[in-house]
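A short write-up of the structure that comes next.
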Amino acid sequence: MLTDILKNSINTVFFGGAGVSTESNIPDFRSESGLYATRELYGHSPEELLSYTFFADHPQLFFRYYKENLIFADAKPNAAHIALSKLEKAGLLSTVVTQNVDGLHQLAGSLNVVELHGSNHRQYCIKCGTKYDLRYILNTENCDGFVPKCKKCGSTVRPDVVLYEEQLDDSVMRAATLAIKAADCLIVGGTSLVVYPVAGLLRYFSGNKLVLINKGKTPYDNHADLVINENIGAVMSDIIEQLCL
């Protein structure tokens, strides 16, 4: 059925969350096991550790947690990332809107990607704005302990990601909103749709077909035209095979 929906849609958009990357062995820190492990090891919840206040007040522990839990430099795109890239190349997918910061969609070959929460592949100095790549903050020679420092002014270099307590970038939200508004088919995958304001983007969709691919239930299941409770990588691989892409 999903194959037919894709064939008959003019403008399909994919909206994905952490579940898209778990099959690349990137854990979802919001999972029950992730929450428990974080409290045991760091003494705080992930939401607290990844807040702007914690970054400002406790940079050493912030960067220790960030480097040990949010950076997976060796991660590779999985079947879902690769399938979405193939759909874009075939003209069957216009945009990927992602909550993830791992850059795996681009690594798989997707070109039109809207990163709602930024990317841990981009870094910048909080004082002078000098930009750095991921390798810079992982190189201990550039760091004071766990905290990366700017070569030009000596200030802290932070990841270009949206922390808790920070607002999502207006231009990025506008791009995501416009993409979802223009879609006649919206495929939502690997997200429970409970985290706002991102989950609220679905209210802008007024197209013909809403497809949800998630292992668990979501608040939008009753509004969807198709709900698939399976691994997203397997689902997307089957679609690619059926479409002979």
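Listing for the model above:
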| read-out | value |
| --- | --- |
| Segment 40-53 residues that are over 16 Å from P159 (Cβ atoms) and in a helix (DSSP H, G or I), paired with ones that are of a type in the set (A, V, I, L, M) and open to solvent by less than 70 Å² (accessible area, probe 1.4 Å) (beta carbon under 7 Å, 6 or more apart) | Y42/L49; Y42/L61 |
| Residue within segment 34-53 that is surrounded by 14 or more Cβ atoms within 10 Å (Cβ to Cβ), under 13 Å from the mean Cα position of the chain (by Cα) and under 21 Å from V161 (Cβ atoms) present | no |
| Residues (buried (at least 17 other Cβ atoms within 10 Å of the Cβ) and either without any contact (Cβ under 8 Å) to a residue 60 or more places away in the chain or under 16 Å from the mean Cα position of the chain (by Cα) (or both)) located in segment 228-245 | I232, G233 |
| Answer from F146, F205 - the residue that is open to solvent by less than 70 Å² (accessible area, probe 1.4 Å), in contact (Cβ under 8 Å) with a residue 24 or more places away in the chain and of a type in the set (F, W, Y) | F205 |
| Contacts under 7 angstrom Cβ, first residue in segment 16-29 being at positive phi, partner modelled with pLDDT of 90 or more, 6 or more apart | N25/A75 |
| Residue within segment 183-192 that is part of a strand (DSSP E or B), surrounded by fewer than 17 Cβ atoms within 10 Å (Cβ to Cβ) and not small (G, A, S) present | no |
| Pairs with Cβ under 7 Å, 6+ apart, first in segment 59-85 and of a type in the set (S, T, Y), second in a loop (DSSP other than H, G, I, E, B) and modelled with pLDDT of 95 or more | S85/G109; S85/S110 |
| Residue within segment 103-115 that is touching a helix residue (DSSP H, G or I) at 6+ places or on another chain (Cβ under 6 Å) and either open to solvent by 80 Å² or more (accessible area, probe 1.4 Å) or at pLDDT below 95 (or both) present | no |
| Subset tally (residues that are over 14 Å from L245 (Cβ atoms) and open to solvent by 20 Å² or more (accessible area, probe 1.4 Å)) for segment 72-94 | 6 |
| Conditions (1) within 16 Å of V161 (Cβ to Cβ); (2) of a type in the set (F, W, Y); (3) assigned to a helix (DSSP H, G or I); (4) modelled with pLDDT under 85: number failed by Y65 | (4) |
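Okay, residues lined up against (1) out of contact with any His (no Cβ under 8 Å at 6 or more places or on another chain); (2) assigned to a helix (DSSP H, G or I):
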residue	(1), (2)
F72	yes, no
K76	yes, no
A80	yes, yes
L87	yes, yes
L93	yes, no
V96	no, no
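The values are calculated or read from the model by the stated rules, or taken from the named source; none is laboratory data. Computed from a predicted structure; not experimentally measured. No Cβ is skipped: glycine too gets one built from the backbone with ideal geometry, and neighbour counts run over all protein chains shown. Surface accessibility is based on the protein's heavy atoms, side chains included, excluding ligands, DNA and RNA. Shrake-Rupley method; radii C 1.70, N 1.55, O 1.52, S 1.80 Å.
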